[in-house]
1. Name the single residue, out of those in the range 72-97 being touching a residue at least 12 places away in the same chain (Cβ under 8 Å) and loosely packed, with under 14 Cβ neighbours inside 10 Å, that is nearest to LEU7 (Cα to Cα).
2. Run down ALA45, ALA20, ALA38, ALA24 and say which single residue is in contact with a strand residue (DSSP E or B) (Cβ under 7 Å, 6 or more places away or on another chain) and at pLDDT below 95.
3. If we scan the range 17-29, do we find a residue that is within 13 Å of SER62 (Cβ to Cβ) and either crowded, with 19+ Cβ neighbours inside 10 Å or touching a residue at least 60 places away in the same chain (Cβ under 8 Å) (or both)?
4. Test of understanding: among ARG8, ARG22, which residue is basic (Lys, Arg) and under 20 Å from SER103 (Cβ atoms)?
5. Could you identify the single residue in HIS48, HIS104 that is farther than 16 Å from ARG22 by Cα and touching a helix residue (DSSP H, G or I) at 6+ places or on another chain (Cβ under 6 Å)?
6. Test ASP27 against the criterion of being farther than 13 Å from LYS5 by Cα and acidic (Asp, Glu), and give yes or no.
7. May I ask you to verify whether THR59 is under 18 Å from ARG8 (Cα atoms), part of a strand (DSSP E or B), modelled with pLDDT of 95 or more and β-branched (Val, Ile, Thr)?
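The values are calculated or read from the model by the stated rules, or taken from the named source; none is laboratory data. All figures in this text were calculated on a predicted structure; none of them were measured in a lab. In this analysis, Cβ positions are derived from the backbone assuming ideal geometry, glycine residues included, and neighbour counts consider all displayed protein chains.
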Amino acid sequence: MQIYKILRGPEWDELQANGATRGAPIDVADGYVHFSTAAQVTETAAKHFAGEEGLWLLTLESEELSPLEWEPSRGGQLFPHLYGPLRLDDVKEAVPLTLEGGSHRFPPLA
């Protein structure tokens, strides 16, 4: 199953430069890397990245990440959480998220 991670430009740059990251500051604070499913990622962008430019949307395969746990969060929905570093080798695709009319424009999601 494809899952998604939104990174700010400097966070994406760090991942590319180092080959791995513990994620954004909230990921480091919580002790795991937050991901969203296709059904969750637009709400994640609206809630945590409203109005931000320079974002990147990373696509990963959940079956290839370990240790990945599905845990309840917003409204009891299960969200994928990676209890280890996010590795550049695990990223299947990275595309910029453009901001149009105050909302992020997403590519088609699987």
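1. Among those that are touching a residue at least 12 places away in the same chain (Cβ under 8 Å) and loosely packed, with under 14 Cβ neighbours inside 10 Å, it is VAL95.
2. Sole residue among the options that is in contact with a strand residue (DSSP E or B) (Cβ under 7 Å, 6 or more places away or on another chain) and at pLDDT below 95: ALA24.
3. No, the range 17-29 contains no residue that is within 13 Å of SER62 (Cβ to Cβ) and either crowded, with 19+ Cβ neighbours inside 10 Å or touching a residue at least 60 places away in the same chain (Cβ under 8 Å) (or both).
4. Going through ARG8, ARG22 in turn, just one is basic (Lys, Arg) and under 20 Å from SER103 (Cβ atoms): ARG8.
5. Step by step, each of HIS48, HIS104 is checked, and only HIS104 is farther than 16 Å from ARG22 by Cα and touching a helix residue (DSSP H, G or I) at 6+ places or on another chain (Cβ under 6 Å).
6. no
7. yes
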